[in-house]
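Report on one structure; see the data block that follows.
The values are calculated or read from the model by the stated rules, or taken from the named source; none is laboratory data. This one's a predicted model, so the numbers in the text were calculated from it and none came from an experiment. Positions of Cβ are backbone-derived with ideal geometry, glycine not excepted, and every protein chain shown enters the neighbour counts. Ligands, DNA and RNA are stripped out before the accessible areas are found, and what is left, the full protein with its side chains, is counted by its heavy atoms. Shrake-Rupley method; radii C 1.70, N 1.55, O 1.52, S 1.80 Å.
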Amino acid sequence: MAASLLAREVSDLCLGKPALRSLSVSATVGDALTTLKRSRDNYISFWNCNHGHFSEVDKVDADAVAALDDCRCVGKVCVADIIGFLCKEENLSNPGIALQAPVSVLIPKTGDFVRHLESNASLVEAMDLILEGVQNIVIPMEIGGKNSRKKLLQNNLSKSTFHNGRQYCWLTQEDMVRYLVNSISLFSSAAVNPINSLDIINVQDIPAVHYDDPASSALPLLAKCLEMQTSVAIIDDDGKLIGELSPYKLNSCDEDVAAAIATLSAGELMAYIDFGGPPEDLIQLVKERLQERKLVKALELMEDDSGNSSVSSSCSSSSDDEFGVGRSVVKSVGNSARSVKRSEAIVCHPWSSLVAVMIQALAHRINYVWVVEEDRTLFGIVTFAGMMKIFRETIEDHDLGKALKKSPT
């Protein structure tokens, strides 16, 4: 039964999703930043073609649009990518020049970062891609017949982007895990098991830095976390989890937070980006350290932003932000919440059940949960990809069992 359920087409998981926004790879880093600031999207996709924006209704012809050259999505970029890029010493020296660089400098050159799937592909195929290491899946959106397609083109002239005459959306790991949770009764035997019995806790390559470490030392980890859709843990000298540096939180910040990353400790940076704006003493500290390092252009960037808003380097703290950024409470499975004035780290315990951890991650719209001991010592991290591995193995076992029953004795 599980196998037949998961043979469902991925298009079913994309119903109601917005079409992704995009730019061509010939755009600049500044173009990407401007587009992200003007939209509510966390990411902008990049394609290896000059995709079609249509400006005149009488030019819209579905057959002609379908004849466009083949377009492929080659990557996606968010504000956190741009902030990381601006943190480089040479870019801090002149942020204005850095923003004129081609956006291709932000797109990973290695790895299977983006993969296209047809809308009639099965959920199992999508899960297999994730387990192979693919982090982003692009799905063409179902538009309907020729007349429906032409009408859609006409109704979206000023705001939609078309590739190969079609619109596309992201199929995320969250989409897949949410679907699995909605079908959890089919996998109850695995879902109720504690995660420490399922071999899905990563205890080796935990992205973590100490509270007093320079925030800049977390940049390589943040870049990796952007690819893997996780965050960097902040721990104290005893290995206890204090908070996290989240790429999703950085997505809600202005680009001048790059100056804070370059000059503050990891712990100071947590305070800097929390609660909608940094404390005045930390703003002054960043400016003093920029002056000491003679990073005049970076200092001017901070001054420009402070002149354009009531709070310099403000970061959104809305609880409605996508991926749950801007939170201010540390929560744990089985423990009461405690209010803390720091970046939230969502945690569970090694003995937490798989289904409880899945629901917890979905509730906060994150792709991972930190695993801690009872005294909050960091034990590891569990991700959506690890969770999907268990469901995929359950499907394989189910299919093998059916095959053995049918085989002659």
Checklist entry - Got a sec? What order do 23, 269, 186 fall in by accessible area at 1.4 Å, biggest, i.e. largest, first? => result 186, 23, 269
Checklist outcome for this item: PRE zone check, label point 7 Å out along Cα-to-Cβ of residue 224, amide N under 20 Å, scope region 241-255, hits 241-250
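Using the beta-carbon distance between residue 88 and residue 17 and R0 = 35 Å, what value does 1/(1 + (r/R0)^6) give for FRET efficiency, to the nearest 0.05?
Efficiency for this residue pair is about 0.55.
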Checklist entry - Distance in nm between label sites at residue 8 and residue 212, each 7 Å beyond Cα in the beta-carbon direction? => result 5.2 nm
Item to check | Restricting region 226-298 to trypsin sites (Lys or Arg not before Pro) in coil, as DSSP defines it, with at most 13 other Cβ within 10 Å | outcome: 294
Checklist outcome for this item: Counting only backbone N atoms under 15 Å from a point 7 Å out along Cα-to-Cβ of residue 193, the residues of region 370-398 in range are 386-398
Checklist outcome for this item: One quarter of the C-alpha convex hull surface, i.e. the mean projected area of region 67-136 in nm², amounts to 6.9 nm²
Checklist entry - Taking a 26 Å limit on the Cα-Cα distance, which of the listed pairs 109/297; 88/224; 76/224 fall beyond it? => result 109/297
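Average projected area of the Cα convex hull of region 226-308, in nm²?
The directionally averaged projection comes out at 6.4 nm².
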Checklist entry - At a Förster distance of 35 Å, what's the computed FRET efficiency of residue 97 paired with residue 236, Cβ-Cβ distance as r, to 0.05? => result 0.35
Checklist entry - Quick one: if the Förster radius is 56 Å, what FRET efficiency do residue 397 and residue 37 give, using the C-beta to C-beta distance and rounding to 0.05? => result 0.70
Checklist entry - So how much slack lies between residue 24 and residue 289, counting 0.36 nm per residue of separation and subtracting their Cα-Cα distance, in nm? => result 91.7 nm
Item to check | Cα-projected label distance for residue 120 with residue 185, points at 7 Å along beta-carbon direction, nm | outcome: 3.1 nm
Checklist entry - At a probe size of 1.4 Å, how large is the accessible area of residue 89, to the nearest 10 Å²? => result 90 Å²
Checklist entry - Expressed in nm to one decimal, what extension gain is obtained for the pair residue 351 and residue 205 from 0.36 nm per residue of sequence separation less their Cα-Cα distance? => result 50.5 nm
